Amino acid sequence: FHGEAPGLLRPFDASMAERSIERLRMASRIRQAIEQNEFMLHFQPVVETATGRVEKLEALLRWPSSDGTCISPEDFIPLSEETGLIIDIGRWVFEEAARTHVALTRAGHGDLSIAVNVSAVQFQRTDVAAVVGDAIERFELRPGALAIELTESSLMANRRSATAAMRRLSAQGTHVSLDDFGTGFSSMAYLRDLPIDALKIDRVFVSDVYANERSASICRAIITLAHTLGMAVVAEGVENAAQLDWLAATGCDFVQGYQLARPMDFDRLLTFLRPGEAA
Ligand code: C2E
Ligand code: CA
Ligand code: CA
Ligand code: CA
């Protein structure tokens, strides 16, 4: 294509090339981060609305960069999914969550479970029940010590294998929460057929629930739906007292968000769980 309008093609090609080089560079940085153990987990408490008791912890992936800030999982998980690197990251997350549970138990908090986010690609390409079961066995944890959070997209691609995987998780006592509920392609059929323990109401509905009658109606409907099906409900992204009061009055079982506690590293988590020892 030598003689063809190079002036028109060149800028386009250059930006395409730049973008793919940037992606390659990022993918190799992620690979290196896995090998050199650069990732960390932070933990955010999920709190029982009526009592304030911490029920479980959500593990959230952190990638500290040299300037002291963290690269957001939203910035590297999509590329990790496209390149398959999410499989190795996911294994590391389960292993680190299991290690943390051992430490939690030693500190007297073995009753708390740790919920791990599992991406759709990871759910479809690995036997997640086996990965969890393996971690439980190797670290000698109680069966329910680890839980998972899935989005609706995990259940869509291959109905039959998703159903089988969900049944295996349920049989081994691994709780499953459906994340970001209400924002994906919800299907009532999988709510009917699959062993799901809890629905997590996405924070877009929680944010203005006390002020927007339409958000309130959606939250009320999700709470009723979950309870009717014997599932628990968690509201995520609870940032203020007005949201919390509304959720408590409406019977939302669990709440999670900055109003209750931010995600924190393990040391700060221990302090949070034992406020008496903080000073
Ligand atoms: P998510 O599972 O929906 O996690 C909740 C996100 O909301 C977290 O962002 C959390 O830090 C943030 N958050 C918690 N409370 C509040 C609040 O009150 N207000 C607001 N505005 N945000 C709040 P984070 O940690 O940046 O994670 C973003 C997403 O990255 C997660 O969304 C999840 O989809 C994904 N992710 C995180 N860790 C992992 C992981 O280990 N594996 C996989 N596959 N995905 C992960
Ligand atoms: Ca989650
Ligand atoms: Ca969520
Ligand atoms: Ca999300």
| query | Does ASP202 meet the test of being touching a strand residue (DSSP E or B) at 6+ places or on another chain (Cβ under 6 Å) and either acidic (Asp, Glu) or modelled with pLDDT under 95 (or both)? | reply | yes
| remark: Residue pairs qualifying under the 7 Å Cβ cut-off, at least six apart or on distinct chains, with the first in the range 158-175 being surrounded by fewer than 19 Cβ atoms within 10 Å (Cβ to Cβ) and the second being aliphatic (A, V, I, L, M), are THR163/LEU194; ARG168/ALA129; GLN172/ALA129
| query | Considering only the range 196-208, how many residues are more than 10 Å from ligand 3 (Cβ to nearest atom) and within 8 Å of ALA235 (Cβ to Cβ)? | reply | 1
| task | Go through the residues of the range 100-109 one by one and say whether even a single one is touching a helix residue (DSSP H, G or I) at 6+ places or on another chain (Cβ under 7 Å), in contact (Cβ under 8 Å) with a residue 24 or more places away in the chain and within 12 Å of ligand 1 (Cβ to nearest atom). | result | no
| note | Subset of the range 224-247, residues surrounded by 15 or more Cβ atoms within 10 Å (Cβ to Cβ), within 20 Å of PRO45 (Cα to Cα) and not acidic (Asp, Glu), comes to MET231, ALA232, VAL233, VAL234, ALA235, GLY237, VAL238, GLN243, LEU244, TRP246, LEU247
| field | Given (1) in contact (Cβ under 8 Å) with a residue 24 or more places away in the chain; (2) away from ligand 4 (no atom under 15 Å from the Cβ); (3) of a type outside the set (Val, Ile, Thr), index of the condition LYS200 fails | value | (2)
| field | Top-ranked residue of the range 13-67 - restricted to ones that are charged (D, E, K, R) and under 30 Å from ALA249 (Cβ atoms), ranked as nearest to the chain's Cα centre (by Cα) | value | GLU58
| query | THR183 is checked against (1) under 14 Å from PHE94 (Cβ atoms); (2) within 16 Å of ligand 3 (Cβ to nearest atom) and fails just one. What number does that condition carry? | reply | (1)
| When GLU82 is evaluated against the numbered criteria (1) outside any loop (DSSP other than H, G, I, E, B); (2) open to solvent by 80 Å² or more (accessible area, probe 1.4 Å); (3) at pLDDT 95 or above, which criterion, by number, is the only one it fails? | (3)
| Taking the range 101-116, which residues are buried (at least 20 other Cβ atoms within 10 Å of the Cβ) and part of a helix (DSSP H, G or I)? | HIS101, LEU104
| Of (1) within 14 Å of ligand 2 (Cβ to nearest atom); (2) in contact with a helix residue (DSSP H, G or I) (Cβ under 6 Å, 6 or more places away or on another chain); (3) within 22 Å of GLU95 (Cβ to Cβ), GLY173 satisfies all except one. Which? | (1)
| said: Among the residues that make up the range 123-146, is at least one of them open to solvent by less than 10 Å² (accessible area, probe 1.4 Å), within 16 Å of ligand 3 (Cβ to nearest atom), closer than 29 Å to THR271 by Cα and under 15 Å from the mean Cα position of the chain (by Cα)? | reply: no
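The values are calculated or read from the model by the stated rules, or taken from the named source; none is laboratory data. Keep in mind the model is a prediction, meaning the values are calculated, not measured. Neighbour counts are summed over all protein chains in view; Cβ atoms, including those assigned to glycine, are modelled from backbone coordinates with ideal geometry. The area values use the complete protein model at the heavy-atom level, side chains included, leaving out ligands, DNA and RNA. Shrake-Rupley method; radii C 1.70, N 1.55, O 1.52, S 1.80 Å.
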